[in-house]
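Worksheet: the structure to be examined is printed underneath.
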Amino acid sequence: GDPLASTGHLKREEAEVYLKSKGKRGTDARREFVAEMNREAQAMGLASTRFSNPHGMHAKGHYSTARDMAALSVAAMRASPLLRAIVGTQRYESWPDSARSGGAPRHLVWLNTNVLLREPGYEG
């Protein structure tokens, strides 16, 4: 898959890959994945965070604070070279085949709007 896929789609895919690796599928498996997310959040000390889904979109009982999300972001950046590369990318180009264009490649360009990336020392 494309490393700059939409966040919601990427999170659903990550959840599915994780669940398949555990031999699990379906709604119960997603609930188990979200429960694991909540256990990890508590282990990290994110006391004001509760997840209701794997993608982070609004849902009943799903909440957090800016402080908890900042702590989660710092931990993710430290743990993942791929994430650091993605959020530090200022411009990304892709030429995927598209069923909508009869399989012809399309030229897609993503531009990162984080103006801090232009400053020395900022990585995303």
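The values are calculated or read from the model by the stated rules, or taken from the named source; none is laboratory data. Keep in mind the model is a prediction, meaning the values are calculated, not measured. All Cβ positions, even for glycine, are placed from backbone atoms using ideal geometry, and neighbour counts span all protein chains on display. Note: accessible area is taken over every heavy atom of the protein model, side chains too, but ligands, DNA and RNA are not part of it. Shrake-Rupley method; radii C 1.70, N 1.55, O 1.52, S 1.80 Å.
Being open to solvent by 80 Å² or more (accessible area, probe 1.4 Å) and either at pLDDT below 90 or in a loop (DSSP other than H, G, I, E, B) (or both) is a property that Arg39 lacks.
Every residue, every condition in (1) in a loop (DSSP other than H, G, I, E, B); (2) within 16 Å of the chain's Cα centre (by Cα), yes or no:
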position	(1), (2)
Asn53	yes, yes
Gly56	yes, yes
Leu72	no, yes
Leu82	no, yes
Trp110	no, no
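Can you name the residue in the stretch 45-99 that is of a type in the set (Ser, Thr, Tyr) and modelled with pLDDT under 90 and is also nearest to Leu116 (Cα to Cα) among such residues? Ranking the candidates gives Ser94 first.
All of (1) exposed (fewer than 12 other Cβ atoms within 10 Å of the Cβ); (2) part of a helix (DSSP H, G or I) hold for Gly103 with one exception: (2). Could you look through the stretch 45-60, keep only residues that are of a type in the set (A, V, I, L, M, F, W, C) and closer than 16 Å to Ala71 by Cα, and pick out the one that is least open to solvent (accessible area, probe 1.4 Å)? So the residue we want is Leu46. Scanning the stretch 85-100 for residues that are open to solvent by 70 Å² or more (accessible area, probe 1.4 Å) and among the β-branched types (Val, Ile, Thr) turns up nothing. Exactly one residue out of Leu82, Leu116, Leu111 is at negative phi, open to solvent by 50 Å² or more (accessible area, probe 1.4 Å) and touching a residue at least 40 places away in the same chain (Cβ under 8 Å), and it is Leu82.
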